[in-house]
Amino acid sequence: MAERITDTELAERLGLIESMIAEGRRTTEHWSWTFVLWGVAYLVAIAWSAWGPSPVFAWPVTMVAASIATALLMSRDREKTPETTLGRALGSIWIALAVTMFVVFAALGFSGRIGDVHVFVSIACGLLGLANAASSMMLRWKVQFAAAVGWWTASVLGCFGSANQSLVVFVAAVFLCQIVFGIYGMMCEARERKQRGTVHA
């Protein structure tokens, strides 16, 4: 027969879970610059494909450049930040998203079917909504869930209207749900770092 858990043991376990969630949120705030970096990369790719030379190279070149920049910056920081189980789980969600987007959009590109802006916007926003929602549920972070709702809304709206309207919806979602959310996370981390500095002083 299993031993009954005492109130003290239960409180300790709940406290451990809460501290893991708080640590996961701090980890996400620490990596918030990646949201900003990728948001800017999306906007650069959109602008290049619309107005730049050789638009066929816009997305592949921009995404590869953003991947290299992310890998280099993360490798410099990994030594300073210890890895946690929740951090690995969150990282797994975002790595799976990146691989899925790469495979799906590469297949759409090579098959010649990526030209339908409505399909591109709907799939991209839906996938980004999924990853943000999963992360927000693990972290119990309402602001990130709001970003997920924004992505899902853009996914639905991207199916309607003209191609230009669909693209405007995507740009707005990138700005609000990617860049603004990333800046918010960076501000949260800076505020917490300042508070920790004040406590230790």
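The values are calculated or read from the model by the stated rules, or taken from the named source; none is laboratory data. All figures in this text were calculated on a predicted structure; none of them were measured in a lab. Glycine also receives a Cβ, built like all others from the backbone with ideal geometry; neighbour counts cover every protein chain displayed.
Test Ala22 against the stated conditions and say whether it is at pLDDT 80 or above and among the small types (Gly, Ala, Ser).
no
Take the range 78-134 and flag every residue that is within 23 Å of Ala58 (Cα to Cα) and among the hydroxyl-bearing types (Ser, Thr, Tyr).
Thr100, Ser111, Ser122
Does Leu128 satisfy being under 22 Å from Ala45 (Cβ atoms) and in contact with a Phe, Trp or Tyr (Cβ under 8 Å, 6 or more places away or on another chain)?
It is true that Leu128 is under 22 Å from Ala45 (Cβ atoms) and in contact with a Phe, Trp or Tyr (Cβ under 8 Å, 6 or more places away or on another chain).
Being closer than 21 Å to Ser92 by Cβ and aliphatic (A, V, I, L, M) is the filter here, so list the residues in the range 113-128 that pass it.
Residues satisfying the conditions are Ile123, Ala124, Leu127, Leu128.
Filter the range 143-163 for residues that are free of Cβ contacts under 8 Å to residues at least 40 places away in the same chain, under 21 Å from Phe35 (Cα atoms) and of a type in the set (S, T, N, Q); which is surrounded by the fewest Cβ atoms within 10 Å (Cβ to Cβ)?
Once the filter is applied, the top-ranked residue is Thr153.
Just one of (1) hydrophobic (A, V, I, L, M, F, W, C); (2) at pLDDT 90 or above; (3) outside any helix (DSSP H, G or I) trips up Ala2, so point out which.
(2)
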